[in-house]
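The structure appears below as structure tokens.
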Amino acid sequence: MEEVIRVLGELSLSNEPTKHLQELKTALITAKSSRQPLSPGNLDLHSLFDSVNTDNGEQIDLAVDILSEFLPLYEPQAVLERFSWYLLRGLIHPNTKVRELIIKQIDNCVENEGGLTAFLANQSYVIAVISALGDESLSVSKYAVSTLLQVAHIPAGLHTIFTNETISSLQQSMAKSDSARFNVYEAIIKISVISPEALQVVAKTGLLEKLINEVTRGDILTQLNALELLIPLVLTEHGLALLHESGVVSKLQYLLSLAHSDPMASLLVPGLIKFFGNLGYSMPNHLAKEYNSVMHVIFNLATGKLDMGEPSFQVLAIDTLAHIATTAEGKIVLGKFQNEMDQVLHHMGERIQTAPTDLRVRMLEAMAELFSVEPASLESDKYPSLLSNSITLFHGIWHQKAEWQTTDVITITEKWWKELVGNNMSKIMNIARQPFPELRCTSLAIINVVAQLPWGQKMIKVEPGMVEYLLDRSTEPDKAGKEAKWDIVTTLVHSPTSHSIFTDTDMSRFEKYFTQGPFYVHTETQVAFEGDT
């Protein structure tokens with residue numbers, strides 16, 4: 001420690017700062033390797049900060065490396081108060097590494113209550129971080145977004161970010177470039193989803209309205225980027241309400257309706273489908289009731305009835321339906337579209353058998369989402385043994401949902417399975433036995449998903465050779481396959497219903513497999529007897 005302090009002191013008087021910085025870095029490494037405690041009270045970092053004021057790249061790199069070791073030794077509040085002048089200057093340094101170091105340190109500091117207090121006490125920090133949103137470095141801008149998001153989580157921080165002066169700074173950052181403009185949009189969207197109050201504050205700035213206007217104006221790339229940014233709003237009730245009130249969702253519905261006849265509108269299909277898919281994920285009933293025409297476009301794309309000249313749209317539509325189906329409510333809503341879903345499932349059943357490998361994997365991944373069931377959805381009077389202690393804490397919402405969801409969800413998934421692959425596990429087992437790791441592991445993931453359901457367990461039990469296959473470790477040569485198969489056994493061992501479906505002998509074998517772990521290798525001990533050759 002004494003050597004670190006000595007070299008640091010010499011640095012301020014040195015005519016060869018690079019040489020002393022190298023000595024300081026060596027001394028610091030030595031101190032760390034000998035586990036000598038470093039006390040920030042004995043360190044004067046001013047000369048280190050001054051060392052970055054050069055065009056010597058080696059000197060800057062050394063100074064940045066050393067500062068990144070020293071600054072975390074201080075309390076966050078002390079960093080922001082003691083070195084404010086240097087930090088603010090560092091945020092506009094021409095060297096990207098310096099700016100990255102400073103913004104990262106500020107981001108770390110505001111995670112602490114004292115650091116956050118110090119940050120808010122100095123308006124210059126807020127202005128400087130907002131300016132960093134327009135930085136040409138992606139890393140710098142991302143840390144700037146992160147910092148503002150953390151600050152906005154408290155009311156005082158939220159209102160400090162959006163004053164007349166800071167709004168002007170936000171507008172100046174947006175004017176730097178297209179990427180800077182979207183960095184600002186990203187920041188205000190992330191802040192908007194924090195709470196209804198945060199959304200109100202952001203909306204008053206007019207910046208959110210500018211983003212909304214970008215969705216239906218400008219070039220295709222701009223519209224797609226704007227659509228992507230609006231998705232987090234769809235996932236919150238207050239955000240969706242704003243989009244409804246501003247007419248955005250209706251405009252997007254109209255654009256989707258034009259896609260089959262307007263070549264320009266068809267370019268927006270990926271973004272539009274993703275937008276409405278996330279709306280369906282968060283509020284499936286709302287999508288089905290208010291935007292029924294959107295559902296029919298997605299179904300028609302998924303079944304191939306609607307052809308826009310782009311095969312990837314069909315896969316995208318199937319992925320979207322699977323995404324909606326990842327929740328119990330989503331499954332119930334899709335179950336009401338019986339004819340449409342039957343056609344989609346029939347198509348998927350054909351594609352997992354005949355399509356190229358990459359497309360088959362996509363179909364199988366969608367299957368895994370279609371048949372996944374939330375643990376809470378397995379609660380009901382019909383399945384009392386499935387009651388989880390962790391879930392019983394939620395006396396209101398989960399139990400109310402479970403009463404009407406459980407039977408429906410389990411019935412729907414069983415019907416979907418039979419429509420897609422039949423009354424057994426044969427098709428999935430055939431794929432799982434193929435010598436292609438991606439197909440094999442994805443198929444095992446599907447088996448794991450249905451292994452939590454009573455009907456799935458019954459199919460596993462009666463499928464010829466399937467229990468033996470699950471217990472045969474030799475079928476999986478690689479790590480991913482071994483883990484995938486062990487996951488299935490783990491699901492069966494921990495399922496509350498498997499004990500009443502499988503025999504005691506099978507359950508004992510599953511439990512032994514589970515206890516031994518995914519990578520267990522059986523070894524036989526050989527004993528040599530006299531006379532053996």
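The values are calculated or read from the model by the stated rules, or taken from the named source; none is laboratory data. Source: prediction; values computed, not measured. For neighbour counting, all protein chains shown are included, and Cβ atoms are generated from backbone atoms with ideal geometry for every residue, glycine included.
Tell me, yes or no, whether region 174-191 has at least one residue that is surrounded by 16 or more Cβ atoms within 10 Å (Cβ to Cβ), assigned to a helix (DSSP H, G or I) and without any contact (Cβ under 8 Å) to a residue 12 or more places away in the chain.
Yes, because at least one residue in region 174-191 is surrounded by 16 or more Cβ atoms within 10 Å (Cβ to Cβ), assigned to a helix (DSSP H, G or I) and without any contact (Cβ under 8 Å) to a residue 12 or more places away in the chain.
Pick from Gly304, Gly309, Gly277: which is under 26 Å from Glu209 (Cβ atoms) and out of contact with any Phe, Trp or Tyr (no Cβ under 9 Å at 6 or more places or on another chain)?
None of the other options fit; the residue is Gly277.
Please work out if Leu255 is among the aliphatic types (A, V, I, L, M) and either on the phi > 0 side of the Ramachandran plot or surrounded by 20 or more Cβ atoms within 10 Å (Cβ to Cβ) (or both).
So Leu255 fits the description; yes.
Considering only residues of region 212-235 that are buried (at least 18 other Cβ atoms within 10 Å of the Cβ) and polar (S, T, N, Q), which is farthest from Ala198 (Cα to Cα)?
Among those that are buried (at least 18 other Cβ atoms within 10 Å of the Cβ) and polar (S, T, N, Q), it is Gln223.
Look at region 88-116 and say how many of its residues are touching a residue at least 40 places away in the same chain (Cβ under 8 Å), of a type in the set (A, V, I, L, M, F, W, C) and buried (at least 18 other Cβ atoms within 10 Å of the Cβ).
6
Within the bounds of region 253-261, is there any residue that is closer than 27 Å to Gln200 by Cβ and without any contact (Cβ under 8 Å) to a residue 40 or more places away in the chain?
No, region 253-261 has no match at all.
Out of region 195-235, which residues are closer than 21 Å to Ile127 by Cα and in a loop (DSSP other than H, G, I, E, B)?
Selection gives Thr205, Gly206.
Could you grab the pairs with beta carbons closer than 9 Å, sequence gap of 6+ or different chains, first residue in region 117-128 and on the phi > 0 side of the Ramachandran plot, second one in a helix (DSSP H, G or I)?
Between residues of region 117-128 that are on the phi > 0 side of the Ramachandran plot and residues that are in a helix (DSSP H, G or I), there is no close pair.
Give the residues of region 287-305 that are closer than 21 Å to Leu235 by Cα and surrounded by fewer than 17 Cβ atoms within 10 Å (Cβ to Cβ), sorted by residue number.
Correct list: Lys289, Glu290, Asn292, Ser293.
Sort out for me the helices (runs of 4 or more DSSP H) sitting completely within region 237-325 that have 2 or more residues that are closer than 26 Å to Asp219 by Cα and at pLDDT 90 or above.
The qualifying helices (runs of 4 or more DSSP H) are 237-245, 248-258, 269-282, 292-303, 312-324.
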